[in-house]
Structures are given as C-alpha cells and as structure tokens.
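J.: Sharing a structure here in structure tokens format.
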C-alpha cells in the first residue's frame, strides 16, 4: 500500500494538536505501508524527526490573511481558510508526485486543501481520496462568531461559516471517504450527507511517553493549561480563566501557580504574567516536567471544535483534568469518574479548589483518566484502526471494479 499525506503544515516539531495527529497516525501507518508527505512549511521546521516517511516534500507557504485574500474571502465564493492554503507551487509539486508514482490512497488533512482535488482526480491511476476532518470548520467558525464582540469580525466570521458549510457539503460528495475525530462530528456530517463514507479515528496520545510523568508529592503546586497560545480558542480560554476564575482560587490557595504552557503566546496571553500567581512559559521543549508538578490540568474552553489532545496527554501523565463540556467534547469521558466537568466560572473555581484540597479525589480522577487513555486512546491502536479502514476501502474498490 502506498499512501500520500497532504498537510497544511509539516508535522514537526510536535507543537500543535494537528501535527501530533498527523505525525502519530502516519508513523503507525508507515509500519505497514509506504507513506509520503507533501506539506506546507513556514521555513522554520526541520524534517529531522520524520524519517519514517518514504519521502518528505515541503512547499513554502504563501502569506495568509493578506488584504487581497481577506477581500476575496469577503466578496467571493471561496472562504478565506481555503484561500490561505491554495497555492500554485503546491499544485505543481502535487502533480509531480502523482506523475512520478502511483498512490493507492491520498489523504488530505482538512478541507482547507480542497484546491488539490482536481489534480488528484486527474492522476493517471486515480487513487482513493480521503479527507481527515480535524474539525468541522463551519461549526468552529460559527462558535467564534457568537462570541466575537466586534461587528465587522463577527459578520466576516458568519459569512466564512456559511461559505465553509458549502465547501463541506461539496467535500462530502467529492471525497471517497472521510475520517473524523469524534462520533459527534460523524453524526453531524451524516446529517448533511447520509451517503458519505465516514469513519471515526479519535485523537490519541503516546501513553508510554507520558506515563513517565509520575511523582505525586507535596511539591505539586501548579494548575496547568497546555496548548498553542497563538490559537484564538486558547487565548480566549486562558484570558477569561486568569481574570475571572484565578483570583478566587489564588485567594483560597495562595501557594498554587497558574502555569500557561505553549508556543507563541499572543500579547493578551503574555500580559497575564502580571497577575499574581500566573506564569507564561512560551515554547518549551518538554511539557512533562510541568505535568509532574501539576495538581490539575485545566481546559476551560468556550469556543473551538474537534477533540482535545491535551486532555489525553494530561490523563496519560496521571494528572487529573478539570474541563468545560466543550473542552472535553468528542472524548468518551464521565464526570467525577475520569474528569471533573465545570462550565461556569464558579464551577471551575470550586472544582479546582476541591482537587487541590482532596488527595483521594485527585488520585481517583487521575487513575480513571489514565485507564481511559490506556484502553481507548493510544496512537498505536488508533493507527491500526486507520490501516483497517484503508484496507477495507481498497478491497471494496477492487471488488467494485472487478479486479
């Protein structure tokens, strides 16, 4: 089996959820297939950690969010997120790859790359075309619009959500199969097109990597939030938490530190370091030392989509998690069994203080979370499930063609 993975970004370093998903599924797949990667790069990524790929082709990405693209997204029929990943250089590189070898499957990592579809369909030996929906983008954009206070941005986001919905309907017709991260996303897409072939491959975690983050003890004093700090949903989450929830926690437990861990913190995030008991780390080479010092990991998301790899990482590291319902969306979690669910500022404060003051509660939630990820969310099993889906699709194609 020969597979081509096309991605919006090179999946190294492993500093975003999308990169983690692309990397680990391709790594497991490479044990049973020849996998090639074609991806955009911003020029800073090194492919040193990607030796399991047969080959890696990187294309410099054109600048996104230019005035011309924003105008086209506001007036035209193609949404801005797709325009940002439409590139003549990418199309040429893709055609060269398809001319050079025959692929059985081409998987696009999100519908942002739909401009590649005509070239793939025109290949001499047409491969099966699969879309991996990291998020249902129209739903994510609508949620963003609901919370955006500025009129022009809110109007633009609503229009983008409508355009993305049109592209999603088209994608459900034009791709041969679809991979989604949760059953709720699968149900949403089946509601749009009941005939689409949709399979669920959840987000996962490298449990062996994180289970070394042990060491429960009296030196645990951090409440940690881990995520890309240049991503809108994370920015909103940490700012609201630090300003609305943290002061009450700090008043009751002054020994605790709210630690925001993640790359490229926006100015609004960096400003939070001026609040007593809040620290902003920026990019770190390894998050495990922070988990080793954590009383709890928090995921107070109010906007966003998909499912949260950072919840799974914390659970694998035996750190109990406090999350909003939206933050845990798409994960098979149970409140007070393997996670604490808290939606309002008051509920979040109570849950964190309960976790900080109750060792047995921490132990029970941490053990439940670690059991959950070990049983259901290890990348090795999820990758094996993807291989089975690929094999099933190829068998069905051969049977249909009479080969």
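The values are calculated or read from the model by the stated rules, or taken from the named source; none is laboratory data. Keep in mind the model is a prediction, meaning the values are calculated, not measured. All Cβ positions, glycine included, derive from the backbone under ideal geometry; neighbour counts span all protein chains shown.
J.: Quick one: would you say residue 362 is modelled with pLDDT under 95 and assigned to a helix (DSSP H, G or I)?
T.: Working: modelled with pLDDT under 95: no; assigned to a helix (DSSP H, G or I): yes.
Criteria not met by residue 362.
J.: Within region 192-206, can one find any residue that is within 30 Å of residue 277 (Cβ to Cβ) and modelled with pLDDT under 95?
T.: Residues of region 192-206 within 30 Å of residue 277 (Cβ to Cβ): 205.
Within this subset, residues satisfying the condition of being modelled with pLDDT under 95 are none.
No: zero hits.
J.: Return the residues of region 33-49 that are at pLDDT below 95 and in a loop (DSSP other than H, G, I, E, B); say none if nothing qualifies. Walk me through how you get there before you give the answer.
T.: The initial filter retains those residues of region 33-49 that are at pLDDT below 95, namely 41-49.
Answer for region 33-49, where residues must be at pLDDT below 95 and in a loop (DSSP other than H, G, I, E, B): 42, 43, 44, 45, 46.
J.: If a residue has to be in contact with a strand residue (DSSP E or B) (Cβ under 6 Å, 6 or more places away or on another chain) and either farther than 14 Å from residue 225 by Cβ or without any contact (Cβ under 8 Å) to a residue 24 or more places away in the chain (or both) to count, how many in region 240-283 make the cut?
T.: Final tally of qualifying residues: 4.
J.: If you don't mind, another one. Answer yes or no: is there a residue in region 154-165 that is modelled with pLDDT of 95 or more, under 30 Å from residue 398 (Cα atoms) and touching a helix residue (DSSP H, G or I) at 6+ places or on another chain (Cβ under 7 Å).
T.: Taking region 154-165 and keeping what is modelled with pLDDT of 95 or more, we get 154-165.
Subsequent filtering for residues that are under 30 Å from residue 398 (Cα atoms) retains none.
Checking region 154-165: not a single residue is modelled with pLDDT of 95 or more, under 30 Å from residue 398 (Cα atoms) and touching a helix residue (DSSP H, G or I) at 6+ places or on another chain (Cβ under 7 Å).
J.: Given the conditions (1) more than 20 Å from residue 249 (Cα to Cα); (2) outside the structural domain of residue 33 (by TED's automatic domain parsing); (3) surrounded by 20 or more Cβ atoms within 10 Å (Cβ to Cβ); (4) touching a residue at least 60 places away in the same chain (Cβ under 8 Å), and given that residue 363 satisfies all but one, which numbered condition is not satisfied?
T.: Condition not satisfied by residue 363: (3).
J.: Now for a separate question. Among (1) within 24 Å of residue 177 (Cα to Cα); (2) crowded, with 18+ Cβ neighbours inside 10 Å; (3) without any contact (Cβ under 8 Å) to a residue 40 or more places away in the chain, there is one condition residue 81 misses while meeting the rest; what is its number?
T.: Status for residue 81: all satisfied but (3).
J.: Is it true that some residue in region 334-342 is touching a strand residue (DSSP E or B) at 6+ places or on another chain (Cβ under 8 Å) and surrounded by fewer than 22 Cβ atoms within 10 Å (Cβ to Cβ)?
T.: Among the residues of region 334-342, at least one is touching a strand residue (DSSP E or B) at 6+ places or on another chain (Cβ under 8 Å) and surrounded by fewer than 22 Cβ atoms within 10 Å (Cβ to Cβ), which makes the answer yes.
Here's the yes/no breakdown for (1) more than 16 Å from residue 210 (Cα to Cα); (2) assigned to a strand (DSSP E or B):
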{"position": "285", "(1), (2)": "no, no"}
{"position": "296", "(1), (2)": "no, yes"}
{"position": "322", "(1), (2)": "yes, yes"}
{"position": "340", "(1), (2)": "yes, yes"}
{"position": "350", "(1), (2)": "yes, no"}
{"position": "355", "(1), (2)": "yes, no"}
{"position": "382", "(1), (2)": "yes, no"}
{"position": "387", "(1), (2)": "yes, no"}
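J.: From the list 394, 372, pick out the single residue that is under 30 Å from residue 108 (Cα atoms), part of a helix (DSSP H, G or I) and not assigned by TED's automatic domain parsing to the domain that holds residue 27.
T.: Values: 394 fails: not assigned by TED's automatic domain parsing to the domain that holds residue 27.
From the options 394, 372, the qualifying one is 372.
J.: Give the residue, chosen from 149, 67, that is more than 26 Å from the chain's Cα centre (by Cα) and assigned by TED's automatic domain parsing to the domain that holds residue 171. Let's see the steps before the verdict.
T.: Values: 149 fails: more than 26 Å from the chain's Cα centre (by Cα).
Going through 149, 67 in turn, just one is more than 26 Å from the chain's Cα centre (by Cα) and assigned by TED's automatic domain parsing to the domain that holds residue 171: 67.
J.: Here is a follow-up. Do we have any residue at all in region 18-31 that's modelled with pLDDT under 95, surrounded by 19 or more Cβ atoms within 10 Å (Cβ to Cβ) and within 30 Å of residue 154 (Cβ to Cβ)?
T.: yes
J.: Next up: When you go through (1) at pLDDT 95 or above; (2) farther than 21 Å from residue 113 by Cα one by one for residue 144, which number turns out not to apply?
T.: (1)
J.: Do we have any residue at all in region 113-126 that's touching a strand residue (DSSP E or B) at 6+ places or on another chain (Cβ under 7 Å), closer than 21 Å to residue 23 by Cβ, buried (at least 18 other Cβ atoms within 10 Å of the Cβ) and at pLDDT 95 or above?
T.: There is at least one residue in region 113-126 that is touching a strand residue (DSSP E or B) at 6+ places or on another chain (Cβ under 7 Å), closer than 21 Å to residue 23 by Cβ, buried (at least 18 other Cβ atoms within 10 Å of the Cβ) and at pLDDT 95 or above.
J.: Take residue 185 and decide whether it is surrounded by 23 or more Cβ atoms within 10 Å (Cβ to Cβ), closer than 23 Å to residue 138 by Cα, in the same structural domain as residue 83 (by TED's automatic domain parsing) and in contact (Cβ under 8 Å) with a residue 24 or more places away in the chain. Walk me through how you get there before you give the answer.
T.: Working: surrounded by 23 or more Cβ atoms within 10 Å (Cβ to Cβ): yes; closer than 23 Å to residue 138 by Cα: yes; in the same structural domain as residue 83 (by TED's automatic domain parsing): yes; in contact (Cβ under 8 Å) with a residue 24 or more places away in the chain: yes.
Here the answer is yes, as residue 185 does meet what is asked.
J.: Still on this model: Can you give me the number of residues within region 63-90 that are over 15 Å from residue 167 (Cα atoms) and outside any helix (DSSP H, G or I)?
T.: Of the residues in that region, 5 qualify.
J.: Looking at region 162-256, what helices (runs of 4 or more DSSP H) fall wholly within it and have at least 1 residues that are on the phi > 0 side of the Ramachandran plot?
T.: On the way: elements: 183-192, 207-210, 232-240, 246-252.
In region 162-256, there are no helices (runs of 4 or more DSSP H) which contain 1 or more residues that are on the phi > 0 side of the Ramachandran plot.
J.: Given the structure, is residue 132 assigned to a strand (DSSP E or B) and touching a residue at least 40 places away in the same chain (Cβ under 8 Å)?
T.: On the way: assigned to a strand (DSSP E or B): yes; touching a residue at least 40 places away in the same chain (Cβ under 8 Å): yes.
Taking the combined requirement at face value, the residue satisfies it.
J.: Considering each residue of region 1-17, count those that are in contact with a helix residue (DSSP H, G or I) (Cβ under 6 Å, 6 or more places away or on another chain), outside any helix (DSSP H, G or I) and either touching a residue at least 40 places away in the same chain (Cβ under 8 Å) or surrounded by fewer than 21 Cβ atoms within 10 Å (Cβ to Cβ) (or both), and give that number.
T.: 6
J.: Pick out the one residue from 295, 261 that is farther than 23 Å from residue 12 by Cβ and buried (at least 16 other Cβ atoms within 10 Å of the Cβ). Even if it seems obvious, please write down each step before you answer.
T.: On the way: 261 fails: farther than 23 Å from residue 12 by Cβ.
When all the criteria are applied, what remains is 295.
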